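Contents: one structure, followed by commentary.
Just so it is clear, none of the values below were taken in a lab; they were calculated from the coordinates. Just so you know, these numbers come straight off a predicted model, no measurement behind them. Neighbour counts are summed over all protein chains in view; Cβ atoms, including those assigned to glycine, are modelled from backbone coordinates with ideal geometry.
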Amino acid sequence: MVIETGESMRIVYGLTVLLEAILIAHCAIGSFKKHDRLGKSVCIYETLAFACAVVFFFFTFVPGHTVTVFAKGLTMALFDWMLIALMFYTQYYTGAVKTFKGVQAASMIFAVLDTYMLIENTWTNKIFDIESIKAENIKVVFNHDSLWYKLHFMFTYAFVILVIFTYLFMIIKSSRMYREAYGAIAIVIFIGFSFDVATIGSDSIYDLSMIIYGVMAIIIYYLTYRYVPNELIENMLSLVVSDMNNGIICYDRKGRCIYYNELVETIYRHGGNMSVYESKYSRWIEKMGDDREDSMSFQTHIVINGEKHYFEIAYKRIYDEHKRFICDYFVYNDRTQMYESWEQEKYKASHDSLTGLLNRDQFYEDVHDMVNKYHDTTFYLICSNIKDFKFINEIFGMEKGNQVLIKQAKLMASNPSERTICARLMNDRFALCLPREEFDEKRVADSIEELQREFSGNSFHLHTYMGVYEIRDRDEAVRVMVDKANIAADTIKNDFDCCVAYYDEHLLEISIEQRRLLGEFEPALQKDEFVMYLQPQVNRDGIAKGAEALVRWAHPSRGILTPYAFIDILENAGLIYKLDLYIWEKAAQKLAEWKEKGYGSYHISVNISTKDFYIIDIYETFTGLINKYGIAASNLHLEITETTLMTDFEKNMNIIHKLQDVGFRVEIDDFGSGYSSLNMLKDISADVLKIDMGFLRKSENEVKGQDILESIIALAGKIGMDVITEGVETKKQLDMLTMMGCHEFQGYYFSKPVPVSEFEEKYLV
């Protein structure tokens, strides 16, 4: 009967060990799928625990002296490796990398030697021996005089103590949110080790320490991957609960994804695979590097169910009250509706509200882009006007006038194509740009006749007339093209029998005048007929810090010519660079003279045109000037229009950065005159922003315009740019700009451009 009871106990113990081995194997497979260092360490630990269980199961049913000694030694060796795996696990789980630095290699060398000695003990019995084997008892006798016996147990105890103290240290050091998890693992290890120590002298064949080791392995897996302290979850989610209508995803301090809501899954559709989110997070952290801040936001677009959605993603790193890192979270704000609204606003900013055609600024921009895109195509630029349109509104009313404009817009846009651009420039003035071969004058005439029949009456005859300009110079300013087309149109505004006129020999007088001025240009440079004028750049009190260099032509027969008389002509002829070189030289000379007289703090701003970048070596020219005249680069400011910068952005920005490295200050001139100004600011590192005078006029009496102007001034301050407002003509403008935060001005309120001597007399103090 005793034998039967022993056999039953043996079977129960063996089956318990077998069941435990199966559970441990499940944990090992689960941790293997995690594909990270922590998962690998858990997998190794679970695998070693599984091997111990298998060994115990085997020798439980295969008694015998040699088998039992071998099994006992093998389990002791496996326990060494389990401790090493536990060390690696603790290192990755707690992040206590430095705690085990230098211990890893030494421990593994000892474990290899100890494994060899314990297996060899099967035949030598130097460390321990089995004195007797009975039904339910095994008498193990350890050789306490053996050096290796002492080393084995010293290694075991030291390792366990090191691991437990590491968890105790992390409990003290870490946020209290993590103490529960660390404390639970430390307690499990302590209980298991304590039970093992307590059963060292036991003679029972049923080694319950194996049961404890197996339970430890299962609990560690659970605590690592299945259990997160409630307090940690609650505190993390409390920080983002207000944003639950948005997509939310959270990562703990070890980079594990611990929470995401349904919207995030809807966005990415990863099927609940946490590792995908963790990999995405890890790549993002690596990509950001040192640029990552504790709080930041960025924009992206994601295609969901075939539709493009625009998201603003807010990133936040959370710390506890002791500045210890707790978690990261991302909030996905779907800005699709706002983006679409912005697109609508962009449309409104670039289109005429009545007709739906492009407005003037957008027309200029699009025409410039198109004619430079299709180099092999000859384009017509056509401008139309309605004679005495104001009388239509006065006689028939605004509604009738709007009907005429809408009809005229349809006429101008009646042949839409990829290479056709149509716009309402202002009032009754429309413009059309299209390939020459697509222009059908007869069809246009028929359409105009139809318009006249519809709206003309006994008391009023509607007369629409068009001017056609063939674009030959693709670098020519679009506004100049429009002017030429309007000049052609104006030649027939009183001819009711004609509706289309071409810009050609009928306008030779203008062309002859241009050629005459071009012929006089080179001799005028040699005779120093071009004079540098200075317009002061001052503070509110009229005290000048410097001035902008402008040019006048002291023509021997025509008197003083302003730039409007010759600049466009020189630009179109490709000669503007010669005049620019001349003025730059004059400015450098004057700065050197001021320096000698003790006025070295004043600066002069000079203009750089678009074509200068193509013809002149800008960097060599300006560095040569400061070296030649011994002046500081910071005293010679460089004014560049936004159009110039955007023409060949990468090349021009490289030149500008080189000049800034030398010490030159770069000013963006005429800011606000182009549609892309704000977009440009994020890519261009200029020193000074000069707000266009036209922009000031538009915003003076408009609340919206003032708000925009104020925002631009504030934005410039935030990104470290000084602001100069051009075109200040009234005290009202000055007061308004001062309240907005602008402290430097240029305009007729203080001074028109004056000769250098007059500037020196008034402002050099």
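Some points to look at:
- Gyration tensor over the Cα atoms of the stretch 528-763: the corresponding equivalent ellipsoid has semi-axes (square roots of 5 times the eigenvalues, largest first) of 26, 22, 19 Å.
- For Asp707 and His301, the difference between the fully extended length at 0.36 nm per residue and the C-alpha to C-alpha distance is 143.2 nm.
- Karplus-derived HN-Hα couplings along the stretch 314-323 (A = 6.51, B = -1.76, C = 1.60, θ = phi - 60°), whole Hz, x at Gly and Pro: 9, 10, 9, 9, 9, 10, 7, 5, 9, 6
- Seen from every direction in turn and averaged, the convex hull around the alpha carbons of the stretch 351-503 projects onto 8.3 nm².
- 14 Å beta-carbon shell around Ser350, net charge (K/R +1, D/E -1): -3
- Spin-label model distance (nm) - Tyr582 vs Asp446, 7 Å beyond Cα toward Cβ: 5.4
- Calculated over the stretch 230-340, the projected area of the Cα convex hull averaged across directions stands at 7.7 nm².
- Amide hydrogen neighbours beyond the local backbone of Ile304, cut-off 5 Å, H modeled: His309
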